[in-house]
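Everything on this sheet refers to the single structure shown next.
The values are calculated or read from the model by the stated rules, or taken from the named source; none is laboratory data. Quick caveat, the model's predicted, so the values are computed rather than measured. No Cβ is skipped: glycine too gets one built from the backbone with ideal geometry, and neighbour counts run over all protein chains shown. For accessibility, only protein heavy atoms count, side chains too; no ligands or nucleic acids. Shrake-Rupley method; radii C 1.70, N 1.55, O 1.52, S 1.80 Å.
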Amino acid sequence: MRRGVMLLLLPLLLSIGTFPQTSEAAEWEKERMYFIMVDRFENGDPSNDLEANPEDPKAFQGGDLAGVTKRLDYIKDQGFTSIWLTPVFKNRPNGYHGYWTEDYYKIDPHFGTKEEFKTLVKEAHERDLKVVLDLVVNHLGPNHPLVEEKPDWFHKEQTIMNWNNQAEVENNWLFDLPDFNTENEEVVKYLIDVAKYWVDETGIDGYRLDTVRHVPPAFWEKFIPAVKQDHPDLFLLGEVFDGDPRKIATYSKLGFDSVTNFPFYYGIKDQFTRKNGSAEELDSVYNRDTTFNPKAMTLANFVDNHDLKRFITEAKIGGTEDEERQLRLALFALYAAPGMPIVYQGTEVAMPGGDDPGNRMMMEFEKNDKMQEYVQTLNKMRSDYPAFETGKQRMVAKTDHMAVYERKVKDQTVLYAINLGEKKTTLRVKASEIGDDQRLRGLLFSDVVRQDGDAYEVTLDANSANGYVIERSQVNWMSLVAIGSIAPILALIILLMHRRRLNRSKETH
């Protein structure tokens, strides 16, 4: 009976005792990043479409910087705090994606102008959104004339044949892309100058550095301190496309502020895109990260990106009954687990997509408002509760397909639970794990779990998840006073209405 009363009063209690104030994102692990492929996002200026062909998925589609600026309010309203843009430099023919650089000092005419880029950064900063720009220092676009003009700037043309041979990975050409000879000091200076130029010109907040493992570490040991010399707060995110946490750790040690966490991605994909996955895998990924990497908490996590099949499609291949439900679980894990969450455009509306170019289709803003609301909720959960941003993780209970984790900072403890099984499941969390006389208040849906003997029973439906804030299980006197003050007012209203009916009755007789 008491539990039923508490559930009835829960909405009123929440409205009286508001959530903690949103913390300002100071460290990058507190950021919630939205990843944009500029050509595939929004066409804000049709006059720069040039040879764009919406019928050809490998041609320019018309997305541009003006389109990104137009959608900044959308990004802000979704709850993100920063954006990552694919490269906007002038590209070689058909380089809609931006990764085939032709001229680092010019904006590609399909995307707009330098002034429009400056406007985008200015408008983003006015909305407290940081801007991270993609930068490729490993290679130029195919058939670049600079290869003949400055042959000593490039490694000999040899295709990577053995991807386990680090010398080949670093020095051979990635497919047909001219590979910079970063042992040449002129090349090092040139690339450092490029990076400094765009920070000084536009005020961007950082770079996402492409194909990091294809560049010798000696280059990064020069590049990172040089570009941070005048801008020590400049954020540098290194893309290391590798599922081995030991390799990720070696690049974290070079000085990057963050490195892409492909081990997290593969862990999520393997367990969340099939029936009856293991929720314990989140803890395994975290433990592997922390074992090898002192900067594990700063890693950049994701469940979708432009180089991989979209999660929805992977879940369909994996034979799940409800791909969108599985995506919701994966996104919950992304926001609840340690690390900086990155959401690729279209994931928030559950866009499907296979290999390139299927994973790079034009953004569909009106596709799925329920999913957009869900992403808003996750962004709010992470911002309202600092333990989800920076708290250490510890698993406190598990079964084959369900697990409960603790995230803890100095003054706050939260739990999150995920059930990847096809049956409703209850897990008993020992009171010794989280303390006596507590209550677990649900964050995604209304639920209050109180101590039952020596444990707390956390129950989840099949393929569902919830976050919980741990609070002292005591009467909130301020809330009771507020509720109590409502009762006399209601009684007075009822009395006045009753008298009014009696007066009307007398008048009719």
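Quick notes
- Any hit, the range 260-275, residues being among the polar types (S, T, N, Q), surrounded by 17 or more Cβ atoms within 10 Å (Cβ to Cβ) and closer than 15 Å to V212 by Cβ: yes
- Residues that are within 29 Å of G358 (Cα to Cα) and under 17 Å from the mean Cα position of the chain (by Cα) occur in the range 292-299; there is at least one.
- Candidate set: the range 341-357, residues that are of a type outside the set (F, W, Y) and in a strand (DSSP E or B); chosen: the one surrounded by the most Cβ atoms within 10 Å (Cβ to Cβ): I342
- The set of residues in the range 193-224 being part of a helix (DSSP H, G or I) and within 25 Å of A249 (Cβ to Cβ) consists of A195, V212, R213, H214, P217, A218, F219, W220, E221, K222, F223, I224.
- Verdict on L50 being modelled with pLDDT under 95 and more than 20 Å from M351 (Cβ to Cβ): no
- The helices (runs of 4 or more DSSP H) falling completely within the range 33-150 that include 3 or more residues that are in contact (Cβ under 8 Å) with a residue 12 or more places away in the chain map to 65-70, 72-78, 114-126.
- Tally of residues being exposed (fewer than 15 other Cβ atoms within 10 Å of the Cβ), under 20 Å from A333 (Cβ atoms) and at pLDDT below 95 across the range 426-479: 1
- Annotation note: of F175, F154, the sole residue that is modelled with pLDDT under 95, open to solvent by 10 Å² or more (accessible area, probe 1.4 Å) and not small (G, A, S) is F175.
- Cβ pairs under 7 Å, 6+ apart, first in the range 285-310 and within 22 Å of P57 (Cβ to Cβ) and without any contact (Cβ under 8 Å) to a residue 60 or more places away in the chain, second outside any loop (DSSP other than H, G, I, E, B) and open to solvent by less than 10 Å² (accessible area, probe 1.4 Å): D304/F311; D304/Y344; D304/T347; L308/N359; K309/N359; R310/N359
- Among the residues of the range 335-356, those identified as closer than 23 Å to G95 by Cβ and over 14 Å from the mean Cα position of the chain (by Cα) are M351, G353, G354, D355, D356.
- Selection count, the range 358-398, where residues are closer than 30 Å to H97 by Cα, open to solvent by 50 Å² or more (accessible area, probe 1.4 Å), in contact (Cβ under 8 Å) with a residue 24 or more places away in the chain and not in a helix (DSSP H, G or I): 2
- Within the range 399-410, the residues that satisfy the criterion of being open to solvent by 20 Å² or more (accessible area, probe 1.4 Å) and out of contact with any helix residue (DSSP H, G or I) (no Cβ under 9 Å at 6 or more places or on another chain) are T399, D400, H401, K410.
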